[in-house]
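Trainee: Structure below; questions to follow.
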Amino acid sequence: MNKKKIKFVFFGTPEFSTIILNELKKEDYLPSLIITAQNKPIGRKHVVTSPPVKEWGEKNNIEVWQVNHPKEVIEKLRGRPEELYIVASYGYIIPKSILDIPKYGILNVHTSLLPKYRGASPIESALLNGDKETGSTIIKMIYKMDAGPILKQTIISLNNTITKPELFNILAHDGGKLLAGTIEPYFNGEILEQEQDEAQVSYCGKLTKEDANLTDIKNNLEKWNRYRAFHGWPGSFIFDGDIRLKIVNAVFENERFIIKKIIPAGKKEITYKQYLENKK
């Protein structure tokens with residue numbers, strides 16, 4: 001199968017999706033259509049911004065559809081020639097009516113060693129739980145969350161210092177490379193689909209900013225793991241009375257969680273030591 005003859009539709013939205021697309025592009029895989037979310041307000045000034053995937057599609061001269069929900073384009077998709085769809089961090093549940101359209105089904109990139117951590121926060125969950133390994137999984141989607149048969153997996157070892165932004169980047173590139181190495185053998189029928197072991201399934205839900213509040217957590221290792229899991233966005237924090245202190249930098253030394261730098265609400269970044277000295 002000539003790679004350039006493999007026509008596929010790509011569903012994705014954030015930066016993670018663009019990293020996947022770049023890894024595919026390196027191997028001469030380019031989608032003929034991208035489906036992504038609508039523009040939305042971003043940041044404190046609520047500037048209406050295009051999804052990263054839309055910008056990637058425009059730069060690469062690829063047709064882009066922005067929709068409020070994938071069900072809006074079901075009939076339009078039925079009339080297209082693509083025989084494979086790929087989903088990577090799209091943000092919406094794919095309706096069964098779309099799952100049934102492409103001849104070769106829909107492949108999905110998931111950032112955990114399925115069946116572990118089905119759901120919305122696999123990267124954060126691996127860090128929150130202090131896991132020693134994680135990885136990327138390519139599955140063939142079915143109409144049940146992250147439950148489809150496994151096509152390929154890679155395992156990545158985790159140390160005790162890696163934070164979410166670092167792991168996000170590693171898994172995005174790893175998932176893209178794994179996907180690029182899956183498409184052709186999958187088309188050629190050379191991959192044995194492996195059903196997930198339902199007895200080993202675990203789930204992870206959507207996390208909120210409040211999950212990053214370390215104020216009442218006593219265990220130092222749990223604090224450190226939360227700091228790692230929420231580093232970047234939303235950023236972990238503590239309260240000193242009514243004052244919210246965002247933790248910018250921290251370390252884990254001699255089994256102790258040590259805060260180095262903070263940003264008090266409405267103020268500039270300072271060291272935690274300076275903050276405590278100024279209180280005296």
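Any read-out appearing in this document is the output of simple, stated calculations on the displayed coordinates, not a laboratory observation. Please read all numbers here as calculations on a predicted model, not as lab measurements.
Trainee: Report relative contact order for the chain in percent, whole number only (criteria: Cα-Cα under 8 Å, sequence separation at least 6).
Mentor: 15 percent
Trainee: Under a straight-distance cross-link criterion of Cα-Cα below 18 Å, which lysines are reachable from K76, leaving out those fewer than 8 residues away in the same chain?
Mentor: In chain and number order, the partners are K7, K96, K103.
Trainee: Normalising by the residue count of region 209-279, find the relative contact order in percent from Cα pairs under 8 Å and 6+ residues apart.
Mentor: The value is 22 percent.
Trainee: Starting from the Cα gyration tensor of region 1-117, take the square roots of the eigenvalues, sort them a ≥ b ≥ c, and report rounded, prolate or oblate (rounded when a/c is under 1.5, otherwise prolate if a/b is larger than b/c, else oblate).
Mentor: rounded
Trainee: Percentage of Cα-Cα pair distances in region 155-197 greater than 11 Å, rounded to whole percent?
Mentor: Tail of P(r) above 11 Å: 74 percent of Cα pairs.
Trainee: Can I ask one more? Against the longest principal axis of the chain, how steep is helix 220-230, in degrees 0 to 90 to the nearest 10, with axes from Cα atoms?
Mentor: Computed tilt is about 50 degrees.
Trainee: Quick check on the chain: helices-only [θ] at 222 nm, where DSSP H runs of length 4 and up contribute -39,500 (n - 2.57) each and the sum goes over total residues. Nearest 500, please.
Mentor: -8000 deg cm²/dmol
Trainee: Follow-up question, since we're still on this one. Please report, in whole Å³, the volume per residue of the convex hull around the C-alpha atoms of region 74-167.
Mentor: Normalising the Cα hull of region 74-167 by residue number yields 98 Å³.
Trainee: By how many degrees, 0 to 90 and rounded to 10, does the Cα axis of helix 164-187 deviate from the longest principal axis of the chain?
Mentor: Result, in degrees: 10.
Trainee: For volume of the Cα convex hull per residue in Å³, pick the label among [x] 147; [y] 160; [z] 130 that corresponds to the value derived from the coordinates.
Mentor: Computing volume of the Cα convex hull per residue in Å³ and matching it to [x] 147; [y] 160; [z] 130 gives [x].
Trainee: Kirkwood Rh, Cα Rg: Rg to Rh for region 140-280?
Mentor: 1.12
Trainee: Something else now. Once you have the Cα-Cα distance between N60 and E210, take 0.36 nm times their residue separation minus that, and quote the gain in nm to one decimal.
Mentor: Full-extension gain reported as 50.1 nm.
Trainee: State the Cα centre-to-centre distance between region 121-147 and region 17-48 in whole Å.
Mentor: Using only Cα atoms to place each centre, the spacing works out to 21 Å.
Trainee: Another question, then. Along the three principal axes, how long is region 220-280 when you take its alpha carbons, biggest first, rounded to the nearest angstrom?
Mentor: Cα extents, longest axis first: 28, 25, 18 Å.
Trainee: Provide the percentage of antiparallel DSSP beta bridges, counting only those with both residues in the chain; round to the nearest 5.
Mentor: Taking every DSSP beta bridge with both residues in the chain, the antiparallel ones total about 60 percent.
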